[in-house]
1. Suppose we filter Ile97, Ile86 for residues that are buried (at least 21 other Cβ atoms within 10 Å of the Cβ), of a type in the set (A, V, I, L, M) and farther than 27 Å from Val12 by Cβ; which single one remains?
2. Under 9 Å between Cβ atoms, at least 6 apart or on separate chains: pull out the pairs that start in the range 98-123 with a residue that is on the phi > 0 side of the Ramachandran plot and end on any residue that is open to solvent by less than 70 Å² (accessible area, probe 1.4 Å) and outside any strand (DSSP E or B).
3. Can you list the strands (runs of 3 or more DSSP E) found entirely within the range 341-393 that contain at least 1 residues being in contact (Cβ under 8 Å) with a residue 24 or more places away in the chain and among the basic types (Lys, Arg)?
4. All but one of (1) part of a loop (DSSP other than H, G, I, E, B); (2) open to solvent by 10 Å² or more (accessible area, probe 1.4 Å) hold for Val105; state the number of the condition that does not hold.
5. Is it the case that some residue within the range 140-160 is in a loop (DSSP other than H, G, I, E, B), under 25 Å from the mean Cα position of the chain (by Cα) and more than 25 Å from Thr104 (Cβ to Cβ)?
6. Considering only the range 74-102, how many residues are over 22 Å from the mean Cα position of the chain (by Cα), of a type outside the set (A, V, I, L, M) and part of a loop (DSSP other than H, G, I, E, B)?
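The values are calculated or read from the model by the stated rules, or taken from the named source; none is laboratory data. Here the structure is a predicted model, which means the values were calculated and not measured. When we count neighbours, we look across all protein chains shown, and the Cβ atoms used for this are built from the backbone with ideal geometry, even at glycine. Ligands, DNA and RNA are excluded from the accessible area calculation, which covers all protein heavy atoms including side chains. Shrake-Rupley method; radii C 1.70, N 1.55, O 1.52, S 1.80 Å.
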Amino acid sequence: MELFAPRRMTRVVYVGDVGVGSSEPVRVQSMITEDTRNVDACVREIVGLAEANCEIVRVTAPTMASTRAVAEIKRRLKKMKINIPIVADVHHQGSNIAVEAAKTVDKVRINPGLFVYRKPIGRSIDYSPAEVEEELEAIERQLLPVIRVCKDRGISMRVGVNHGSLSERLLVMYGDTPEGMVESAMEYLRICERHGFRDIIVSLKASRVPIMMAANRLFAQTADKEGIRVPVHLGVTEAGDGQYARVKSAVGIGTLLAEGVGDTIRVSLAEDPLEEIPVCYEILQSLGLRKTTVEYIACPSCGRTQFDLPTVLNEVRDATSHLVGLDIAVMGCIVNGPGEMADADYGYVGKGGTIALYRGRDAVKQGIPQENGVQELVSLLKQDGVWREPDAD
């Protein structure tokens with residue numbers, strides 16, 4: 001039984017050694033915040049992200065000086081045997097900087113709204129077919145050198161559309177809409193297709209969740225109709241910080257993943273980038289797309305609960321959190337607990353000063369004094385051969 005929509009079928013695009021696409025796990029990425037020219041600080045930040053299991057890291061490259069710094073960052077990481085793929089984020093003066101960046105990094109990200117920059121003039125008159133063609137030719141001239149370097153080195157490109165930086169032409173033609181965002185991406189994809197370059201990932205980001213979701217849904221339909229099966233990078237840009245930023249990101253990213261759209265994700269927080277990684281993995285874990293922690297199922301507690309459930313849950317978590325892959329339930333009463341935890345591998349149910357342990361739906365130990373519950377759970381896990389000792393660190 002399919003609980004969610006089947007994953008949208010895409011080709012696999014490699015960022016370094018990391019495959020992104022429908023036959024690969026949904027990948028987790030982040031972006032460092034240090035000034036790119038501060039190589040030492042950037043390397044430290046990237047190493048920290050790699051140690052936190054981030055799979056792809058983006059570094060801003062707004063100038064030639066920063067692009068040369070990215071090359072040095074790559075060299076330092078290679079010397080340290082840190083193999084996390086590095087993406088250069090290119091904006092204005094796109095072609096020259098993107099070509100230089102593509103000589104050393106694993107992927108180049110370009111923003112279609114800024115790559116061939118035209119200073120806004122406040123135009124409201126629609127563009128003629130000849131004017132549209134002229135702009136598309138300008139895009140192709142700028143994009144071709146980047147395509148050539150990417151093809152020669154076998155690296156990938158992200159066409160990263162932002163709702164807040166659409167070109168004036170597209171704003172006049174489509175308005176500030178998801179349709180304009182999709183057309184912005186498709187113009188670049190069609191050029192790449194004509195020149196036989198398909199190692200592309202696309203993102204369509206907005207700070208407003210409904211716009212981000214609408215743009216990605218429309219893009220998936222449009223690209224698939226044209227036979228352009230590129231992977232999609234999901235994110236709610238400028239989400240902010242704290243709980244609300246996490247909720248916004250989870251709603252936007254999680255909804256699309258449940259609909260089968262999305263192959264790599266970033267949760268964009270105005271915080272230390274290390275804080276983004278747990279949120280990404282928790283979104284994926286909640287949807288059953290990645291298994292990176294123990295899944296704890298616990299009731300919210302009510303008047304029927306006969307023990308301190310939050311304390312017991314923490315005791316169970318402290319003892320078992322290293323057993324990645326297991327689902328463990330801690331339930332407060334015998335009335336609803338066994339049924340609601342039926343999908344868990346193991347269950348811990350309190351009833352009147354004692355607890356019962358379950359393996360799946362089956363009660364295997366009952367009448368255990370509450371103070372011995374966690375110890376008996378560990379004994380059961382050892383008996384079943386699923387226990388291992390936690391790492392020393």
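1. Ile97
2. Gly122/Glu168
3. In the range 341-393, 346-351, 354-359 are the strands (runs of 3 or more DSSP E) which contain 1 or more residues that are in contact (Cβ under 8 Å) with a residue 24 or more places away in the chain and among the basic types (Lys, Arg).
4. Of everything listed in (1) part of a loop (DSSP other than H, G, I, E, B); (2) open to solvent by 10 Å² or more (accessible area, probe 1.4 Å), Val105 misses just condition (2).
5. The answer is no, given that none of the residues of the range 140-160 is in a loop (DSSP other than H, G, I, E, B), under 25 Å from the mean Cα position of the chain (by Cα) and more than 25 Å from Thr104 (Cβ to Cβ).
6. Going through the range 74-102 one residue at a time, the tally reaches 3.
Yes/no per residue for (1) part of a loop (DSSP other than H, G, I, E, B); (2) modelled with pLDDT of 95 or more; (3) polar (S, T, N, Q); (4) closer than 23 Å to His233 by Cα:
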site: Arg8; (1), (2), (3), (4): yes, yes, no, yes
site: Gly19; (1), (2), (3), (4): no, yes, no, yes
site: Ser30; (1), (2), (3), (4): no, yes, yes, yes
site: Ala41; (1), (2), (3), (4): no, yes, no, no
site: Ala50; (1), (2), (3), (4): no, yes, no, yes
site: Val57; (1), (2), (3), (4): no, yes, no, yes
site: Ala65; (1), (2), (3), (4): no, no, no, no
site: Glu72; (1), (2), (3), (4): no, yes, no, no
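The rows are residues; the columns are (1) open to solvent by less than 40 Å² (accessible area, probe 1.4 Å); (2) over 14 Å from Ser203 (Cβ atoms).
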{"position": "Val116", "(1), (2)": "yes, yes"}
{"position": "Pro120", "(1), (2)": "no, yes"}
{"position": "Ile125", "(1), (2)": "no, yes"}
{"position": "Glu131", "(1), (2)": "no, yes"}
{"position": "Glu137", "(1), (2)": "no, yes"}
{"position": "Asp152", "(1), (2)": "no, yes"}
{"position": "Gly164", "(1), (2)": "no, no"}
